[in-house]
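A.B. asks: The structure that follows is given in the form of structure tokens.
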Amino acid sequence: MIIYKTPEEIEIMREAAQIVSRTLGLIAAEIKPGVTPLQLDKIAEDYIRSQNAIPGFLGLYDFPNTLCISVNEQVVHGIPTDTPLKNGDIISVDCGSIYEGYYGDHAYTFEVGEVKPEIKKLLQVTKECLDLGIAEAKTGNRIGDIGFAIQQHAEKHGYGVVRDLVGHGLGKTMHEEPQVPNYGRRGRGKKIQNGLTIAIEPMINLGTERVVQLDDNWTIVTEDGLPSAHFEHDIAIIDGKPEILSTFKYVEEALAKK
Ligand code: MG
Ligand code: MG
């Protein structure tokens with residue numbers, strides 16, 4: 001069952017999302033070769049708690065940390081480690097918060113130092129996929145229209161669209177109905193209606209779409225070991241149109257200062 005949200009609930013979710021956005025901005029400022037994912041995790045946990053919120057991932061399905069940090073061929077659900085980041089790495093930082101009982105869930109893939117052009121392009125195209133998917137999240141459309149737009153754009157560039165993990169409804173729980181796949185067919189799936197709140201999160205691979213899970217029972221990696229990118233926004237449908245509750249503004253400001 002889809003739980004449609006009232007305008008008041010959406011405003012609380014906007015703050016939950018913005019807490020994550022500001023957290024990602026702080027992380028953006030710190031990322032450089034030599035920094036460890038666990039250091040970033042500590043910054044995120046401290047900041048989220050300072051905002052009268054609690055980390056949304058910590059303890060969720062027994063996940064051990066505040067951030068999911070997925071490096072290079074890791075797609076999502078990476079557990080932060082004490083292995084320093086290296087020049088040329090990319091890292092997906094996925095962050096959740098719970099504010100007044102509602103979740104924010106939002107992610108960005110960062111470059112560490114100088115990254116190869118082919119990987120920069122993967123990041124750029126994945127971000128474009130997110131924007132194209134969001135543009136389809138309007139009344140009159142169905143969930144399949146979102147995935148269709150994302151898949152078309154990614155595959156046009158020869159990339160693999162991950163099938164095993166999907167976006168999702170968001171609210172008082174992290175994963176609500178409906179599922180929001182990054183692939184699909186026009187006009188298929190649930191109708192998009194006002195009050196729908198979803199996380200749209202393309203996971204796009206440089207090579208094969210196929211992924212496997214590591215023995216830690218968390219980390220998802222590409223089957224061919226090629227890099228993967230992941231960007232995520234929280235969206236509410238208001239007056240028929242998609243409103244982005246999260247923002248990359250803080251990340252972009254931090255990156256511009258580097
Ligand atoms: Mg996420
Ligand atoms: Mg999500």
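A.B. asks: Once a ≥ b ≥ c are taken as the square roots of the eigenvalues of the Cα gyration tensor of the chain, is the result rounded (a/c under 1.5), prolate (a/b larger than b/c) or oblate (a/b not larger than b/c)?
C.D. replies: Oblate is the answer for the chain, as a/c is 1.5 or above yet b/c matches or exceeds a/b.
A.B. asks: Counting only the heavy atoms of the protein chains, how much of L85 is accessible to a 1.4 Å probe, in Å² to the nearest 10?
C.D. replies: 10
A.B. asks: Over the chain, what is the relative contact order in percent, taking alpha-carbon pairs closer than 8 angstrom and at least six residues apart?
C.D. replies: 24
A.B. asks: Follow-up. When the chain is fully extended, how far beyond the present Cα-Cα distance does E30 get from E177, taking 0.36 nm per residue of separation?
C.D. replies: Taking 0.36 nm per residue and subtracting the Cα distance, the gain is 49.4 nm.
A.B. asks: Using 0.36 nm per residue of separation minus the Cα-Cα distance, give me the extension gain between E11 and K191 in nm, one decimal.
C.D. replies: 62.5 nm
A.B. asks: Carbon-plus-sulfur fraction of the accessible area of the stretch 199-243, 1.4 Å probe, in percent?
C.D. replies: So the carbon and sulfur contribution to the accessible surface is 45 percent.
A.B. asks: Averaged per residue, what accessible area in Å² does the chain show with a 1.4 Å probe, protein chains only?
C.D. replies: Dividing the accessible area of the chain by its residue count gives 43 Å².
A.B. asks: Hey, another quick one. With every protein chain in place, what's the accessible area of R14 (1.4 Å probe, Å², nearest 10)?
C.D. replies: 60
A.B. asks: Rounded to the nearest 0.05, what FRET efficiency do K116 and K138 give with R0 = 41 Å and r taken as the Cβ-Cβ distance? Could you check?
C.D. replies: 0.70
A.B. asks: Determine ³J(HN,Hα), in whole Hz, for all residues of the stretch 195-206 in sequence, where each value follows from phi through the Karplus function 6.51 cos²θ - 1.76 cosθ + 1.60 and θ = phi - 60°; x replaces Gly and Pro.
C.D. replies: x, 6, 10, 9, 9, 9, 8, x, 10, 10, 9, 4
A.B. asks: Return the calculated 222 nm mean residue ellipticity for the chain, to the nearest 500 deg cm²/dmol, obtained by summing -39500 (n - 2.57) across DSSP H runs with n ≥ 4 and dividing by the residue count.
C.D. replies: Using -39500 (n - 2.57) per qualifying helix, the result is -10000 deg cm²/dmol.
A.B. asks: With 20 Å as the limit, write out which pairs from K121/K241; K156/K241; K120/K156; K127/K172; K5/K190 have Cα-Cα distances beyond it, or answer none.
C.D. replies: K121/K241; K156/K241; K127/K172
A.B. asks: For the stretch 1-73, with all protein chains present and a 1.4 Å probe, just round the carbon and sulfur fraction of the accessible area to a whole percent.
C.D. replies: Ligands and nucleic acids excluded, carbon and sulfur reach 58 percent.
A.B. asks: Name the residue farthest towards the positive end of the dipole of the stretch 7-257 from the options T197, I27, I134, assuming +1 on Cβ of Lys and Arg, -1 on Cβ of Asp and Glu, about the Cα centre.
C.D. replies: Projecting each Cα onto the dipole axis, the largest value belongs to I134.
A.B. asks: Carbon-plus-sulfur fraction of the accessible area of the stretch 110-182, 1.4 Å probe, in percent?
C.D. replies: Looking at the stretch 110-182 in its full context, I get 48 percent from C and S.
The values are calculated or read from the model by the stated rules, or taken from the named source; none is laboratory data. All of these numbers come straight from a predicted model, not from anything done at the bench. Heads up, the Cβs are rebuilt from the backbone with ideal geometry, glycines too, and the neighbour counts pull from every protein chain shown. All accessible areas refer to the heavy atoms of the entire protein, side chains included, with ligands and DNA or RNA removed. Shrake-Rupley method; radii C 1.70, N 1.55, O 1.52, S 1.80 Å.
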